[in-house]
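What follows is a short report on a single structure.
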Amino acid sequence: MNIRSNIIIAACAAALAAAPAWAQFKPTKPVEFIVHTGPGGGADVLARFMAQVIEKENLAPVRFQVNNKSGGGGLTAMAYVAEKKGDTHAIAVFTGNWLTNPLTRTEAKFTVKDMTPVARLVLEPALVAVKADAPFKTLKDFIEASKKAPGTMKQSGGSTTSRDNVVRQLLMKDTGANWAYISFPGGGERIAALLGGHVNMMVIEPQEAGEHIKAGNMRVIAQVSDKRLAGYPNVPTIKEAGYDIPNVEQVRGIVMPSGVAPDVVAYYEDLFLRLSKTATWQKYLEEQQFQDGYMKSAELAKFFDVYTDKMRGILKEAGAKVVR
Amino acid sequence: MAQSKWMRGDVVSGAVLAALGAYIISEARGWEYSTQEGPGPGFFPMWYGVAMLVLALVLMVKSAMQPDSGKPVAWSGVARALSVWAVFAIGMGLLKVLGFLLVFALMTLFVVAVMYERPLKVAFAAAIGNAVGFYLLFGLALRLELPVGPLGF
Amino acid sequence: MEVLTSLGHGFAVAFQPLNLFWCFAGVFLGTVVGVMPGLGPAATIAMLLPLTFNMPPTSAVIMLAGIYYGAKYGGSTTAILLNVPGESASVVTCLDGYQMARNGRAGAALGIAAISSFIAGTVGVIGLMLLAPPLAKFALSFSSPEYFALMAMGLAMVVLLAGDSMIKALLAMLVGLWIASMGIDLFSDASRFTFGQTEMLDGVDFVIVAIGVFALGEVLGNMEKRGEGTMLPVPKGLRNLLPTMAELKACRFAFLNGSIIGFVIGVLPGAGSTIASFISYGVEKAVSKHPEKFGTGVPEGVAAPEGANNSETGGALVPLLTLGIPGSGTTAILLAAFILWGLRPGPLMIQDNPELFWGLVASMYVGNIMLLVLNLPLIPLFAQILKLREYILYPIIFGISVVGVFAVSASLFDCWMLAAFALLGYAMRRLDYPTAPLILGLVLGDSMERALRQSLMMSQGDLGILVSRPISATMLFLAVALLCLPLFRRANTWRLKALEENG
């Protein structure tokens, strides 16, 4: 009782010290933390981890309860958040899919425009990798090889709207090269296809690749990132390798339902700022080789517009049916 | 009572499946059969749609050519099963309004009292027992989320 | 020798009291979630994951792995007793397990399932211990053409699952293929057969179809008659609740068959336990002296799929631990757990963390024994549910089905779909369509289409890729041979008839 009220007082004091306006709102009951994957999916693991950090570090007076609204490639969760209009005790993890999926799906009833941006948290860079015994030492080698024999080089990846394919489309357009893109539903199968020598290249997340690189089974030939990752100081980014294509960020962050007062948004915005400053969070980012992409609500709203426009253009060029 | 050839189960189900096959083919025609990268989304449905249509027609013809098996259909049994199904389906529709436990209790009540014609006392005991048992096991012990009505259970 | 020394160290780790406790907690929880339809090991592990951050990683791995293989033990219980498959792999167990229960051999069926799970689970661990690195290489040589051939072989099993009419079995399978292709197409992003519903974009969950068609279809079929007595005969006495020597003897080959097939298929990241159990059931039936009795309640029909399902666990851990490649939802979340603890499964795992690897292997031997000891005494208890009157039991099956479906997705839409599939199941029973081929098509359709399209993309449209690779060519040949089996049998009966007439 005592400890708890002390914490609340401390939290309020901290909030007051920083900006008095925030003190107007604080959650009074457990906050629903919506994710679009089932238990164990990427967004789910992230949300459960954040809920754990919030509780451990006493960042909020209430518990954050993960609620899995899987289905529809994220559209189910988006509809759920959008329909919670005005709910001050619900937040959701968004990913890049929340921005791109509504562009190609007629079934989508809502977009992120129907929600309130809260904070951007994570940027996930990627690596372009080949099998260690492949003849390609650089991205240029690979592209030249695929120019020589159009259509015979292969890349393993996810769905056609995923970043893997977007990067491929951009590179092919920039260079005039042409190679095949083979979709696999799971990350494991994509890696198995590369290591088994059934495909020649893949775009992979650093933490997925780390162990294979260390064991000498995989080689990184370029980075999909604005700046070089700490773990790969000698590998050029795609731009540095001489291919001037826009960088496609993979983002994760927090949104909440629309129709909430500014002080509510400010509360969560600050909560996740404090979260992103904790040592646990920084260690997590380092382990996963993510980049800290913290961005406030107002900036995030602008980012949504820019990103959506960029993706619309890219998808159209890639031949996808863009419906909005 | 001899059944008409056209009312036999195999003929009717064959017709339904043939229609489904035709529907699958017509949908599949709307998707690319083959793309620059390889087979398209219409490739596989087209093949199994055609297979379904052909097999269903074979089944219909084969069955219509056969002499009557003479096994009469027990329509009263079918009516019993379908009425239980109807109650179940309505119950699923009412989950949002009534919540799982109430729907489950009412469903038990219906099965015990109407379908098996047990005394009302038994039926009520069974309904309440089932609902309470499920609540204790799934709701409390296993902490599973059950569909909840506006009454809070 | 080196293996024995390492294993000795592993047992030293596994026998630490704390690790023994976590191992038991894991297998116990696994059994509980396995028994409950809908609740699966993947969701359970995800929810418990944050709690394990404070545990030593070895203990945590031992417990979470316990949930994984423990759930496989529990999955058969509702399949045998109520015809409600608790998870996709137990669908095959329903075929003969439920029939055994109807013949009054429910206890024996549960016992055989537990014993087979124990034997195969242990064989799976032995395989994991001795063969992990070379098998991982073998798994990598498998690519889309091989997967297509494997799925084709699985689909050819339809001839073994058909009842009187092959046409009806094929039609049921085609309906399964149709349901499998509902949702977003991975390759083109087109949505197929979704009827404009957001809920359909991810396709139809397997659990809904299996529970609706198997369990509820069966209950509705039974409701046609107004039975009065207890549901199924449950003989009194412990002796009648356990399998007889004759039954165990009949299962000798099934134990072996299930163990090996399950393990080998488990090693392949793109296959899974459902196809393992279907194939080992098919093999068992194909080599059996009395194939016509399958589906009427033969113990081998329970032992083979249950064994395959359990040794698959050991197999699936091979690519996970030695390559860092998960093959299923559950192993994917295990991988996420490893990474959160700062462990990196991969080629260096056994070298870098011998204590963890060998501790886990040793704990799996211990856990399998715990599961056997835990499950055998539960059999008489579970069998009691069959003593309930029909009018109480049937509503309970409806209730469990709804809870199971809702637990997966928390979606009311799925409950409506359940009602629709219940009607389909009843109609199929009424019109003599076998239901197992529908499930077969549903399970394999998606992977098969995917593997075919991947193969043709790799070969730039050349179908030759499917037959020019030795493994894939062999499996396709077997599939064709399987499909020709009924023709051969028919020819054989004609020949016999002709001989009789001549003689």
Problem - Three-way shape label, chain B, alpha-carbon gyration tensor, a/c 1.5 - result: oblate
Fill in the blank from the handout: Scoring chain C by relative contact order with C-alpha pairs under 8 Å, at least six apart, yields a percentage of 29 percent
Exercise for the section: Figure the gain on full extension for C:VAL287 and C:PHE138 (residue separation times 0.36 nm, minus the Cα-Cα span) and round it to one decimal in nm. Expected result: 51.0 nm
Problem - Note, ³J(HN,Hα) from phi for region C:391-407, Karplus 6.51, -1.76, 1.60, rounded to Hz, x at Gly and Pro - result: 6, 8, 5, 4, x, 5, 4, 4, x, 4, 4, 5, 4, x, 5, 5, 5
Fill in the blank from the handout: What helix-only [θ] at 222 nm does the protein assembly as shown give? Using -39500 (n - 2.57) per DSSP H run of at least 4, over all residues, to the nearest 500, the answer is -20000 deg cm²/dmol
Problem - Cα convex hull of region B:5-65 - mean projected area over all directions, nm² - result: 3.8 nm²
Practice task
Can you check what the net charge comes to around C:LEU412, using other residues whose Cβ is under 15 Å from the Cβ of C:LEU412 (Lys, Arg +1; Asp, Glu -1)?
Solution key: -3
Exercise for the section: Please list the non-local residues whose amide H lies under 5 Å from the amide H of A:ALA90, H modeled 1.01 Å from N, same-chain partners needing a gap of 5 or more. Expected result: A:GLU32
Exercise for the section: For C:LYS137, list the aspartates and glutamates whose Cα falls under 16 Å from its own Cα; do not include residues on the same chain fewer than 8 positions away. Expected result: A:ASP133, A:GLU189, C:GLU146
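Could you tell me which of the pairs A:LYS131/A:LYS321; A:LYS109/A:LYS316; A:LYS140/A:LYS173; A:LYS84/A:LYS109; A:LYS56/A:LYS84; C:LYS225/C:LYS285 are separated by over 24 angstrom between their Cα atoms in the structure shown?
On the way: A:LYS131/A:LYS321 33 Å; A:LYS109/A:LYS316 20 Å; A:LYS140/A:LYS173 14 Å; A:LYS84/A:LYS109 14 Å; A:LYS56/A:LYS84 28 Å; C:LYS225/C:LYS285 32 Å.
Beyond 24 Å: A:LYS131/A:LYS321; A:LYS56/A:LYS84; C:LYS225/C:LYS285.
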Completion exercise
Residues meeting the amide H criterion for A:VAL66 (H placed from the backbone, H to H distance under 5 Å, 5 or more places apart or on another chain) are A:PHE33
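Averaged across the residues of C:176-186, what count of C-beta atoms belonging to other chains lies within 10 Å of each residue's C-beta?
Per-residue shielding by partner chains comes out at 5.
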Practice task
Mind listing the long-range amide H neighbours of A:ALA132? Cut-off is under 5 Å, sequence gap 5 or more, other chains count too, H placed in the peptide plane at 1.01 Å from N.
Solution key: A:MET218, A:ARG219
Handout entry: J(HN,Hα) series, region C:442-456, from Karplus relation 6.51 cos²θ - 1.76 cosθ + 1.60, nearest Hz, glycine and proline x
Key = 5, 6, 8, x, 4, 5, 5, 4, 4, 4, 5, 5, 4, 4, 5
Handout entry: Spatial separation of Cα centroids for region C:67-86 and region C:263-277, in angstrom
Key = 18 Å
Completion exercise
If C:LYS225, A:LYS26 are placed from fewest to most neighbouring beta carbons inside 10 Å, the sequence is C:LYS225, A:LYS26
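Which value, in Å to one decimal place, does the Kirkwood hydrodynamic radius take for region B:75-141 when every pair of different Cα atoms is included?
For region B:75-141, the Kirkwood estimate is 12.5 Å.
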Practice task
Indicate the helices, whole DSSP H runs only, in chain A that combine a mean Kyte-Doolittle hydropathy of -0.5 or more with a Cα extent along their long axis of 27 angstrom or more.
Solution key: A:297-317
Completion exercise
Of the convex hull drawn through the C-alpha atoms of chain A, the volume per residue in Å³ is 133 Å³
Completion exercise
P(r) over all Cα-Cα pairs of region C:322-406, 5 Å bins from 0 to the longest distance, whole percent per bin, short to long, reads 3, 11, 11, 14, 12, 11, 11, 10, 9, 5, 3, 0
Handout entry: Percent of alpha-carbon pairs separated by more than 27 Å within region C:225-375
Key = 39 percent
Exercise for the section: Sticking with the crude label model, points 7 Å out along Cα→Cβ, report the distance from C:LEU388 to B:GLN66 in nm, one decimal please. Expected result: 3.7 nm
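For each of C:GLU300, A:GLU249, count neighbouring Cβ atoms within 10 Å of the residue's Cβ, then give the residues from fewest to most.
Lowest count first: A:GLU249, C:GLU300.
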Practice task
Could you calculate the FRET efficiency of C:PHE195 with C:ASP352 from 1/(1 + (r/R0)^6), where r is the beta carbon distance between them and R0 is 35 Å, rounded to 0.05?
Solution key: 0.10
Handout entry: Per-peptide average of other Cβ atoms within 10 Å, ordering A:68-78, C:62-72 highest first
Key = C:62-72, A:68-78
Handout entry: Cα convex hull of the protein assembly as shown - mean projected area over all directions, nm²
Key = 43.1 nm²
Exercise for the section: At q = 0.11, 0.12, 0.14, 0.24 Å⁻¹, work out log10 I(q)/I(0) for region A:126-224 with the Debye formula, treating every Cα as an identical point scatterer and leaving solvent out; two decimals please. Expected result: -0.27, -0.32, -0.44, -1.43
Practice task
Take the alpha carbon gyration tensor of region C:2-502, find the square roots of its eigenvalues, order them as a ≥ b ≥ c, and report rounded if a/c is under 1.5; if not, report prolate when a/b exceeds b/c, else oblate.
Solution key: rounded
Exercise for the section: In whole Hz, with x marking every Gly and Pro, tabulate ³J(HN,Hα) for region A:127-138 from phi via Karplus 6.51 cos²θ - 1.76 cosθ + 1.60, θ = phi - 60°. Expected result: 10, 9, 10, 10, 5, 4, 8, 6, x, 7, 9, 10
Exercise for the section: Enter the angle in degrees (range 0 to 90, nearest 10) between the Cα long axis of helix B:100-110 and the first principal axis of the Cα atoms of chain B, meaning the one along which they spread out most. Expected result: 90 degrees
Exercise for the section: For region A:55-102, state which GluC sites (Glu not before Pro) are in a DSSP loop and have at most 15 other beta carbons lying within 10 Å of their beta carbon. Expected result: A:GLU57
Exercise for the section: Springs between alpha-carbon atoms under 10 Å, Gaussian network over chain A: tell me which of A:ALA134, A:ALA230, A:ALA108 tops the mean-square fluctuations. Expected result: A:ALA230
Fill in the blank from the handout: For region C:304-456, shape from the Cα gyration tensor axes a ≥ b ≥ c, cut at a/c of 1.5 then a/b versus b/c, turns out oblate
Problem - Residue order, fewest to most beta carbons within 10 Å, for A:ARG168, A:ARG252 - result: A:ARG252, A:ARG168
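Taken together, the values in this text are just the output of simple stated rules run on the coordinates, not laboratory data. Predicted, not measured: the structure shown is a model, and the values here were computed from it. Methodologically, a virtual Cβ is constructed for each residue, glycine included, from the backbone with ideal geometry; neighbour enumeration extends over all protein chains shown.
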